Amino acid sequence: MGTHKTGTTSIQQFGNRRAQQLREVGLWYPGYDLIGLKRHPAHHDFSHAVAGTLSTLSFEQANDFIAAIAQGAGDASHVLLSAEPIYRHLIPTKTKNSAEYWAARDAYIARLAEVTAPLQPEILIVLRRQDDFSRSLYQENVKARHMKQDFRSFLKTRLPNFQYLEQINLFKKYFKIVDIAIFEDLAENGELIRDFFRHIGIEIGKIDKIAEFNESLPIELVEFKRQLNMTGLSKQQLASISRVLLDVGQNTDEFLRRSDLDWIPASEMTAFMDRFAEANAQIFAMMKNPPKRDTLFPPGRPRSEVFGELSMERFKAINALVLQRVLAGSAV
């Protein structure tokens, strides 16, 4: 069930594409075709249906899906459902303060446990360093969800996303088994998919090349998109621009991939990580097979430079690149 930005899309695409071969080695990656609906690589619609939000599945169909899995599992030693929105859903969906947020999270997880009870499921949560997770999640929200907030405001309003211990304890309240894996360890050798399935007890064979999903944008393109999010453009128009920006961002001569650049000073990001140090230590202590180090996460990469702002001249230059791509596409 995530978190977001921990390689979930690649795992889901692989699981869906290789479903038959995985079934032969003991893992079933079921699809909605079980109940007569279109199959999707991930189980997001199931997680949405449990929350009662807009979904191609109704709540009744979500229950039917679980019943069909329970009936059809047969000799599969493992059944995998993968949906990172499980990490963020609330009942009700809107909350005004921290107390309401955690009550709404509790309500969602309780309903998830009720719906999935026939499977007696084990929860696997993959965690990523809070600083890297925050950067990646912020970019994704600006790129795909049209966020208008700056990074500092995002950290303040999304604090529960980074409170891993509290999230884990809620799942432990309703599920007998809650397993924890660390994204940085799974991705360490460039074998995230293989190491993920190995973590859950499945050895997979040769892996064909996996396309990159949810590509990242250079930091100034993220800020360019955030500025556009504050205009009157429609969601559809903004989504089209996001696709163009992904294309534009591939120009490494125009957009350098600077690993030393961050949204806030290093001292602020260090303080942000420090606020989770005690909780992360408790998570480390509860892991069945903790990593061979003294901390939950490996050391982060230092980022010494701060992205200031997008100058008007740079904004115009990026805008010209975007317009060139849009006009070229229109001509075709």
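The values are calculated or read from the model by the stated rules, or taken from the named source; none is laboratory data. Values in this document were obtained by computation on a predicted structure and should not be read as measured data. Note that we place each Cβ from the backbone using ideal geometry, even for glycine, and neighbour counts take in every protein chain shown.
For residues in region 32-58 being over 26 Å from Ala110 (Cβ atoms) and either aromatic (Phe, Trp, Tyr) or surrounded by fewer than 17 Cβ atoms within 10 Å (Cβ to Cβ) (or both), which is nearest to the chain's Cα centre (by Cα)?
Arg39
Restricting attention to region 241-259, report how many residues are within 23 Å of the chain's Cα centre (by Cα) and among the charged types (D, E, K, R).
4
List, please: which pairs have Cβ atoms under 7 Å, are six or more places apart or on different chains, and start with a residue in region 237-263 that is more than 11 Å from Leu217 (Cα to Cα) and at pLDDT 90 or above and end with one that is among the hydroxyl-bearing types (Ser, Thr, Tyr) and part of a loop (DSSP other than H, G, I, E, B)?
Sorted first by the residue in region 237-263, then by its partner, the pairs are Asp260/Ser304.
Quick one: count up the residues across region 265-279 that are part of a helix (DSSP H, G or I), touching a helix residue (DSSP H, G or I) at 6+ places or on another chain (Cβ under 7 Å) and not aliphatic (A, V, I, L, M).
1
If Gly300 satisfies all but one of (1) among the small types (Gly, Ala, Ser); (2) surrounded by 12 or more Cβ atoms within 10 Å (Cβ to Cβ); (3) assigned to a helix (DSSP H, G or I), what's the number of the condition it fails?
Every listed condition holds for Gly300 apart from (3).
Quick check on region 84-96. Is at least one of its residues in contact (Cβ under 8 Å) with a residue 12 or more places away in the chain, among the β-branched types (Val, Ile, Thr), surrounded by 15 or more Cβ atoms within 10 Å (Cβ to Cβ) and closer than 30 Å to Glu203 by Cα?
Scanning region 84-96 turns up at least one residue that is in contact (Cβ under 8 Å) with a residue 12 or more places away in the chain, among the β-branched types (Val, Ile, Thr), surrounded by 15 or more Cβ atoms within 10 Å (Cβ to Cβ) and closer than 30 Å to Glu203 by Cα.
Could you identify the single residue in Val326, Val244 that is loosely packed, with under 15 Cβ neighbours inside 10 Å, assigned to a helix (DSSP H, G or I) and aliphatic (A, V, I, L, M)?
Val326
Take the residues in region 153-209 that are of a type outside the set (A, V, I, L, M, F, W, C) and in contact with a strand residue (DSSP E or B) (Cβ under 7 Å, 6 or more places away or on another chain), then tell me which one is surrounded by the fewest Cβ atoms within 10 Å (Cβ to Cβ).
Result: Gly201.
Among the helices (runs of 4 or more DSSP H) confined wholly to region 123-180, which include 3 or more residues that are touching a helix residue (DSSP H, G or I) at 6+ places or on another chain (Cβ under 8 Å) and closer than 16 Å to Met287 by Cα?
Counting at least 3 such residues, we get 164-174.
Which residues, counting only those in region 6-49, are of a type in the set (Val, Ile, Thr) and not in a helix (DSSP H, G or I)?
Thr6, Val25, listed by residue number.
Of all residues in region 287-311, count the ones that are without any contact (Cβ under 8 Å) to a residue 12 or more places away in the chain and either closer than 21 Å to Ile125 by Cβ or not polar (S, T, N, Q) (or both).
7
Within region 268-280, can one find any residue that is hydroxyl-bearing (Ser, Thr, Tyr) and more than 19 Å from Val222 (Cβ to Cβ)?
Yes: region 268-280 contains one or more residues that are hydroxyl-bearing (Ser, Thr, Tyr) and more than 19 Å from Val222 (Cβ to Cβ).
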